[in-house]
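**Q** Encoded as structure tokens, here's the structure I'll be asking about.
The values are calculated or read from the model by the stated rules, or taken from the named source; none is laboratory data. Bear in mind the structure is a predicted one, so any value in this text is a computation, not a measurement. Methodologically, a virtual Cβ is constructed for each residue, glycine included, from the backbone with ideal geometry; neighbour enumeration extends over all protein chains shown. With ligands, DNA and RNA removed, areas are computed over all heavy atoms of the protein, side chains included. Shrake-Rupley method; radii C 1.70, N 1.55, O 1.52, S 1.80 Å.
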Amino acid sequence: MKLKLDVKPDLVALMAADIAAGERAVSAAMREAGTDLKLAWRGQITGAGLGARLANSIRCEVFPEAGASLNAAALVWSKAPVIVGAHDAGPLIRSKSGLWLAIPTPAAGKTLGGRRVTPGGWERKTGMRLRFVYRRTGPSLLVAEGRLNTKGQAVASRSKTGRGQVTAPIFLLVPQVKLPKRLDLARDAERAHDAVPGLIVANWVETR
């Protein structure tokens, strides 16, 4: 006597289909969670008044890049991690030399060739000399003798009589600066992390 056992439906095929559905669900969930976190961080940055350029430094990438996997993961990061991290942590900034931090005033101009303004760079660019002025109350100063142009920036005076010449504060000198904490990236990261299980379930239901 011969017995033949047929199991219908095919359990192996069903398990393979469920695994494939799970892989698609996890990958879709990680793409959604990563995108949501990227947009949340960008929204925080623009909302803090730090500008669209810094906000657009937030990027997202999902692994694997092609196909689906139960081990799919999303990486959200910034292309300007030092700047974003500083606004997230609110650190105390001190001079590397242990003396003063030189904070440029509007009279110094915004940048020098796209780089931040420093006392040495300012002197080289303008050909003007900075003079130290100590103040017992308030920050000490680095000042220059010249005139202010239409943009309010200090430039060399060409007047032989001294007409229009002013003593312009170019840098404020302080021993340290406490950068205010303007971002809370961990808050949005925790929300994105907590949302992942629900996203997996929702995507799994849709793909089955």
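**Q** Of all beta bridges DSSP finds with both residues in the chain, what is the antiparallel percent, to the nearest 5?
**A** Values: 27 of 27 bridges.
Beta bridges within the chain, antiparallel portion: roughly 100 percent.
**Q** Under a 1.4 Å probe, what is the accessible area of region 40-148 per residue, stated in Å²?
**A** 64 Å²
**Q** What does the extension gain come out to for Leu50 and Asp194, with contour length at 0.36 nm per residue minus their alpha carbon separation?
**A** 49.1 nm
**Q** Let me have the relative contact order for the chain, percent, based on Cα pairs under 8 Å that are six or more residues apart.
**A** Rounded, it is 27 percent for the chain.
**Q** Hey, another quick one. Run the accessible area of region 41-91 with a 1.4 Å probe and give the carbon-and-sulfur part as a rounded percent.
**A** Looking at region 41-91 in its full context, I get 58 percent from C and S.
**Q** On to the next question. Tell me the carbon and sulfur percent of the accessible area for region 147-208, rounded to whole percent, probe radius 1.4 Å.
**A** Answer for region 147-208 is 55 percent, counting heavy atoms of protein chains only.
**Q** Here's a follow-up. Among (i) 19.2; (ii) 13.6; (iii) 10.4, find the value of mean projected area of the Cα convex hull in nm² that was calculated from the structure presented, and write down its label.
**A** Correct label is (i).
**Q** So for region 49-169, if I pair up every lysine 8 or more residues apart or on another chain, how many of those pairs have alpha-carbons under 28 Å apart?
**A** Value for region 49-169: 9.
**Q** Given labels modelled 7 Å from the Cα in the Cβ direction, how far is it in nm from Arg158 to Asp18?
**A** 8.5 nm
**Q** Okay, moving on. Describe numerically, in nm with one decimal, the distance between label points set 7 Å from Cα along Cα→Cβ at Lys151 and at Val82.
**A** 2.4 nm
**Q** Additional query: How large is the helix-only mean residue ellipticity at 222 nm for the chain, computed as the sum of -39500 (n - 2.57) over DSSP H runs with n ≥ 4, divided by its residue count, in deg cm²/dmol to the nearest 500?
**A** About -13000 deg cm²/dmol.
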